[in-house]
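Readers should treat all values here as calculations from the given coordinates under stated rules, not as data from a laboratory. This one's a predicted model, so the numbers in the text were calculated from it and none came from an experiment. So basically every Cβ, Gly included, is an ideal-geometry build from the backbone, and we count neighbours across all protein chains shown.
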Amino acid sequence: MAQLLSSSCSLAFSSTNKPSLKPFNQCTTSFSSTVGCDSSSTPLRRLFLQQQKPRKSFVVVNAATVSTGQEAPVQTSSGDPFKPKRVMVIGGDGYCGWATALHLSNKGYDVAIVDNLVRRLFDHQLGLDSLTPISSIQDRIQRWKSLTGKSIELYIGDICEFEFLSETFKSYEPDAVVHFGEQRSAPYSMIDRSRAVYTQQNNVVGTLNVLFAIKEFREDCHLVKLGTMGEYGTPNIDIEEGYITITHNGRTDTLPYPKQASSFYHLSKVHDSHNIAFTCKAWGIRATDLNQGVVYGVRTDETAMHEELCNRFDYDAIFGTALNRFCVQAAVGHPLTVYGKGGQTRGFLDIRDTVQCIELAIANPANPGEFRVFNQFTEQFKVSELANLVTKAGEKLGLDVKTISVPNPRVELEEHYYNCKNTKLVDLGLRPHFLSDSLIDSLLNFAVQYKNRVDKKQIMPGVSWRKVGVKTKTV
């Protein structure tokens, strides 16, 4: 059964692989491990080895959250206001997950966060840090409750351990599961063999466990899964939303859109999509796969309420995304690092639109047995276009912004056709926040505010797609 962790305790992961409760005046989270990955005693190494003994200690924290927004509720496709539901946010301590958990709580949903806190461990292992100081998950949730009066439950554990996940499902009984709980960095998956194996095992097995948990314990639960536009690659034809109708030798059919993943991370997402599609067909699961573009920004209405609610902001070459990285580089006087020719075109969206898309998917659930695919982005940009926008905005703020072409560490086309469809979320009511000069100004000012926290050694890329090898690396 789940243990109740009091708000005055800290959770420490030690080399015994068992959570322990320690009295403390403030909630903190610490990890006992070494920076390298050679020792089998480190938590990250244990993740790679997938130790057969499951952890028997599961933790649930009762904390709280808030309803302060003044916006009208999202409408369902039938036009009726949604009714609050119980939503489990897996990976709710991460960049997109934290913002989503607060947003849903603020909109009247009963929310639980499920997380193993491994994203914080990655920073410790790789010597990285968020541009913004981020509080422990316990302190974050407590602050949310003190500001809003609403409670968010916290389940700390690994969804790859089915015993933990099944106990969590039976305890919380979710109506919808928002699944962010995956290793989400392409460069991380290409560091070495052990990270590639971990990425695929963690992502694919974790999603399989979620599917089995829905089948066994909450068969009507709606799975909202975060996919990626990177599943499609960069084909020389328009990219449809999940499916394409083709005519071949006089016969016509609608089939899943072809996938051309470009890293072991993206391949894990492709495997997820296939597994979800199969279980929808075989078991009648209802699922929405959100193929998300590159997210930028840091603030949402909820995370801006207090400094302890602040979201993480990654600027390094492993976890940072293009626009966020460029703004930090400009703020500290580092040349903007454009990979290769800079003609790589991708779909982008503001993190405020990420949380809005999740809300829309929950309020308008898929039917039993339906596997929906939405392309979740609002605009398309070339990387060079983003660099030019940041350069112009930086100059207005008195920053001397330069751009350099960096040898591309990835294996990808640097100039290509790219035209993606993204109408389904708009049809459901998405009101996009398009990239504007004022938003870039805001990000630049934000980066300048915290520039003393920037480690310039983390800016240049150090992971090569072609040089990935067997030997475990410390980046």
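What to note about this one:
- The amide H of Tyr450, built 1.01 Å from its N in the peptide plane, has no neighbour under 5 Å, considering only residues 5 or more places off or on other chains.
- For Thr247 and Glu370, the FRET efficiency from 1/(1 + (r/R0)^6), where r spans their Cβ atoms and R0 equals 41 Å, is about 0.95.
- For Val338, the residues 5 or more places off, or on other chains, whose built amide H falls under 5 Å of its own are Ile404, Val406.
- Nitroxide proxy distance, nm - points 7 Å out along Cα→Cβ at Val411 and Lys392: 3.7 nm
- Here, P(r) means the percent of Cα pairs in each 10 Å bin from 0 to the largest distance; for the range 321-373 it is 17, 31, 25, 17, 8, 1.
- Of all aspartates and glutamates in the structure, the ones whose alpha carbon falls short of 12 Å from that of Lys421, not counting any fewer than 8 places away in one chain, are Asp238, Glu240, Glu241, Glu379.
- Volume per residue that the Cα convex hull of the range 220-295 spans, once the total is divided by residue count, Å³: 113 Å³
- Extension gain, Ala304 to Phe212: 0.36 nm times the residue separation minus the Cα-Cα distance gives 29.5 nm.
- The convex hull built on the alpha-carbon positions of the range 327-454 has an orientation-averaged projected area of 9.9 nm².
- 5 angstrom amide H check on Gly227, placed H, neighbours 5+ away: Leu290, Asn291, Gln292
- Linear extension gain, Val470 paired with Glu173, 0.36 nm per residue minus alpha-carbon span: 102.7 nm
- Here the Debye sum runs over all C-alpha atoms of the range 86-456 as equal scatterers in vacuum, and log10 of I(q)/I(0) at q = 0.14 Å⁻¹ comes out as -1.26.
- Lysines whose Cα lies under 19 Å from that of Lys170, excluding same-chain neighbours fewer than 8 positions away: Lys56, Lys85, Lys215
- For Lys392, a cut-off of 15 angstrom between C-alpha atoms picks up these aspartates and glutamates, skipping any fewer than 8 places away in its own chain: Asp400, Asp437, Asp441.
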